[in-house]
Amino acid sequence: MEIFGVVNASPDSLADFSIATDYDSALALGTSLLAEGADHLDLGGQASHGDAAFVNPDEEWAILEGPLRALVSLGVKVSVDTWQVETARRAFDAGATVLNAADAVQDDEMMAFAAERECTVVMPFMLGPDPRHLKHVTGDPVAVMVDWFAEQLKRAETWGIRDRVLLDPGTGFSPGHWNWSERYEYQKVIYNGLDQLHQFDLPIYVPVAWKLTPDRVELIDIVMRQDIDYARAHRPAHIRERHAIAMATSPAPS
């Protein structure tokens, strides 16, 4: 399992300890994340929770530019988390190499960009084009997720990017207007059903919780017992620890 350590350039991020808004702070945070066990780094300039402010591409790039240049200087893969193609283009020109497509590549312009750059693409499951305002999942969420990926991957195939897609169950969004008890039950079902994604023969990428409450650690442990390829984590050392425990014991202690 490889880990993308999280750096948030947006001041709207709820995980305030992950915020780095300039070159120097991003360099320090990125260095720390790598020392804690991250293999790569993920940078976002716009928070995705329901109360986050919208920023246009020029504003988003102004937020991202300094931190991105710092992370690229560390010589590791850097993914840019955005749903605006203009931002993605500027970020790749500055050295980003992985597209964490916050719109799930549902826009043809973003799909065309991914095809043009021949890059790895993180595709999160989401009902609706805007991660801040998602539709409520009804019925069996695993079945809905599998059907959704089947359709989106057909589109990806036509654009020639399917083989470069990482499947993300979308639990970083899961939608933001739900209360925690709903999110917890939803994520538990989704994580226990991650094995269903293996039918697509693509890597699985999971954004894991940064809060360390017992219920969230329980969810992390469910993920760690799955055969996932990538985790997106604010606390890489903790995820390395939980992964080691999960691999050694079943069930893992909380």
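Assessment of the stretch 87-95 against the conditions (assigned to a loop (DSSP other than H, G, I, E, B) and not hydroxyl-bearing (Ser, Thr, Tyr)) yields at least one matching residue. A Cβ distance below 6 Å, combined with a sequence gap of six or more or placement on separate chains, defines the contacts here; from the stretch 90-109, residues that are farther than 15 Å from residue 65 by Cα reach residues that are crowded, with 24+ Cβ neighbours inside 10 Å and not aliphatic (A, V, I, L, M) in the pairs 98/79; 100/42; 100/79; 100/81; 102/81; 102/82; 102/131; 104/124.
Residue 4 meets the stated requirement of being surrounded by 16 or more Cβ atoms within 10 Å (Cβ to Cβ), of a type in the set (Phe, Trp, Tyr) and within 22 Å of residue 236 (Cβ to Cβ). Of the residues making up the stretch 69-86, those that are farther than 15 Å from residue 8 by Cα and β-branched (Val, Ile, Thr) are 76, 85. Among the residues of the stretch 160-188, those that are surrounded by 15 or more Cβ atoms within 10 Å (Cβ to Cβ) and either among the aromatic types (Phe, Trp, Tyr) or more than 23 Å from residue 236 (Cα to Cα) (or both) comprise 161, 162, 164, 173, 175, 176, 178, 184, 186. Looking only at residues in the stretch 56-78 that are aliphatic (A, V, I, L, M) and not in a helix (DSSP H, G or I), the one that is farthest from the chain's Cα centre (by Cα) is 74.
Scanning the stretch 161-184 for residues that are within 19 Å of residue 231 (Cβ to Cβ), modelled with pLDDT under 95 and outside any helix (DSSP H, G or I) turns up 170, 171, 172, 173, 174. Kindly indicate whether residue 172 is more than 17 Å from the chain's Cα centre (by Cα) and within 21 Å of residue 127 (Cα to Cα). So residue 172 does not fit the description; no. Look at the stretch 14-41: where a residue is at pLDDT below 95 and a partner is surrounded by fewer than 19 Cβ atoms within 10 Å (Cβ to Cβ) and polar (S, T, N, Q), sitting 6+ places away or on another chain with Cβ atoms under 9 Å, you get 19/25.
Pairing each residue of the stretch 213-242 that is surrounded by 18 or more Cβ atoms within 10 Å (Cβ to Cβ) with any residue that is among the aromatic types (Phe, Trp, Tyr) and not in a helix (DSSP H, G or I), provided the two are 6+ apart or on different chains, yields C-beta distances under 7 Å for 230/4; 230/205; 232/4; 232/205; 234/210; 235/210.
The values are calculated or read from the model by the stated rules, or taken from the named source; none is laboratory data. Quick caveat: nothing in here was measured; it's all calculated off a predicted structure. Neighbour counts run over all protein chains shown; Cβ positions are idealised from the backbone, glycine included.
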